[in-house]
Every structure is written in C-alpha cells, then in structure tokens.
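Data block below; observations after.
Read-outs throughout are calculated quantities, based only on the coordinates presented, and are distinct from any laboratory measurement. Please read these numbers as outputs of a predicted model, since none were measured by experiment. Note: ideal-geometry Cβ built from the backbone for every residue, glycine included; neighbour counts use all protein chains shown.
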Amino acid sequence: MPPNTKDGSRAKSAARCRLYLISPPEIGPGFLDQAAAALAAGDVACLQLRLKDASDDEILRVGAQLLAITQPADVALLINDRPDLAAQIGADGTHIGQSDASYQDARDRVGADAIVGMTCHNSRHFAMEAAERGADYVAFGAFFDSPTKPAKFHAEIDLLEWWCSIFEIPCVAIGGITAKNCGPLVRAGADFIAVVSAVWDHPEGSAAGVKALNAAIAEA
C-alpha cells in the first residue's frame, strides 16, 4: 500500500503500478460481498471508503465491516476526509483533500505510522507542499471525465512524468480511469491508479473489474 516503503525510498523502476479502489458514493446492501470479491480477484493495494453524505455512525459501521475484509487480504483501508473516524475505526490511514483537515491535524489523529495521502488536483505546487509536509502519497487528477464525480480540475499525463522524474513519494492517478484508458498513465509512472465505476459498475461484477484492470496494468 502507498507508499511501498514508509519513507517512500524505493526505486521507481522497480515499482509496479497497483490498483487503488475507492468505494461507490453510496453503499448498497450487497457492497460488502462486492468488496470481498474484488479483493480476492487480484492485486489491490488499498480500498478508500469515501462516503461524503453519510453520518459518522454509518462511516464507523461500514468502516469496521470493511476492516474485517481488508485486513485478511493485506489491503490497506483508508477513510476519506475523516482522520478522526479513521483513528476510531483502526484503519490504515486517511486521504484528505485541499479543503479538508490539514496535513498536520490528519497526522496527529492517525499517528506517525499510518498513511496520510493528499489530493493535489493538477497542481505541482500543492504536490510539492504535500511532500514537504510528509504526505505518504500525492493524488493527481482528473485525467479523464468521470461518471462518479464531475471534475473541477483536469490533469495532463506530463504531470505524472514530471513528478516521477524528480520525487520518490508515490503518486496516484485518478479520474475516469478504466482498463481501456489506463495504459498511458501506467507508462507515465503512476504508482497507483484509483478507480470507482470501473470496478463497482463492471457489467460482469467487481471481481471481473479488478481482473481487467490488473491485466491492463500488466500489459502497459
């Protein structure tokens, strides 16, 4: 899970791009079974629980249920925007945006050994600031139009190439990524590709979505 080592110190050339799953915006009754099937289907680095409109109680409940699935699968569980709830759940870390909790607040809440990732949109400045503060990974996007979340920011592939040529801290590519379009992002050096609908809305189920993406990563 990001980073491959806690301090990010590993050769980029030795790293293999991995899958970073983000939950659907709403959790249906069959989601836990979908999640278990997805994690059993192939290589997955982490699962981020992202429930923007849910109550704290729901996030805590679903987070605890997911932790029982992710831990045996050796998959990191991250909680979006809520480092306080991530700490209560015992999750592996949190992901924060530019308008969410500060990096230091997130770090203080989840602890020194947990993962704190930061959204950096298409900004080199935000990414360098995040790296300086100690973020475990930076997330760039959106690279493509997404059916899940309308994009306010659009990133270009050369942003990944620039980041990977200079920094060791892992980067996540996000935004409308599918098995059909992920190849250029992988080749540009993305350490992780973050997906939502490409897995959860796959016509053959979440396991097939994971398999298709892993195959596309390997081919790239």
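Note on ASP113/GLU161: beta-carbon distance plugged into 1/(1 + (r/R0)^6) with R0 of 45 Å gives a FRET efficiency of 0.90. Using a simple spin-label model with pseudo-atoms 7 Å out from Cα toward Cβ, GLN104 and ASP84 lie 1.9 nm apart. Here the Karplus relation 6.51 cos²θ - 1.76 cosθ + 1.60, evaluated at θ = phi - 60°, turns the backbone of the stretch 57-73 into coupling constants of 4, 5, 4, 5, 5, 5, x, 5, 5, 5, 4, 5, 8, 6, 4, x, 8 Hz, with x for every Gly and Pro. Only Cα pairs under 8 Å and 6+ residues apart enter the sum, and on that basis the relative contact order of the stretch 83-149 stands at 27 percent.
Between the C-alpha center of the stretch 72-98 and that of the stretch 201-220 there is a gap of 24 Å. Annotation: peptides 125-137, 153-165, ranked by per-residue average of other Cβ atoms within 10 Å with the highest first, follow the order 125-137, 153-165. For Rg/Rh (Cα atoms, Kirkwood Rh), which listed value, (i) 0.93; (ii) 1.04; (iii) 0.95, comes from the coordinates shown? Identified label for the calculated read-out: (i).
Remark: the stretch 12-219 carries a charge dipole of roughly 360 debye about the Cα centre, counting +1 on each Lys and Arg Cβ and -1 on each Asp and Glu Cβ. Take every pair of alpha-carbon atoms less than 8 Å apart whose residues are at least six positions apart; their mean separation over the length of the chain yields a relative contact order of 23 percent. Using helices alone, what [θ] at 222 nm do you get for the chain, with -39,500 (n - 2.57) per DSSP H run of 4 or more residues, divided over all residues and rounded to the nearest 500? About -11000 deg cm²/dmol. Pairs of lysine residues in the chain that meet both criteria, 8 or more places apart or on different chains and Cα atoms under 25 Å apart, total 8. As a rough footprinting exposure proxy, the listed residues TYR20, TYR103 were ranked by other beta carbons within 10 Å of their own, and the order from fewest upward is TYR103, TYR20.
When the chain is described by a simple charge dipole with +1 on each Lys and Arg Cβ and -1 on each Asp and Glu Cβ, the residue from PRO150, PRO203, GLY30 located farthest towards its positive end is PRO203.
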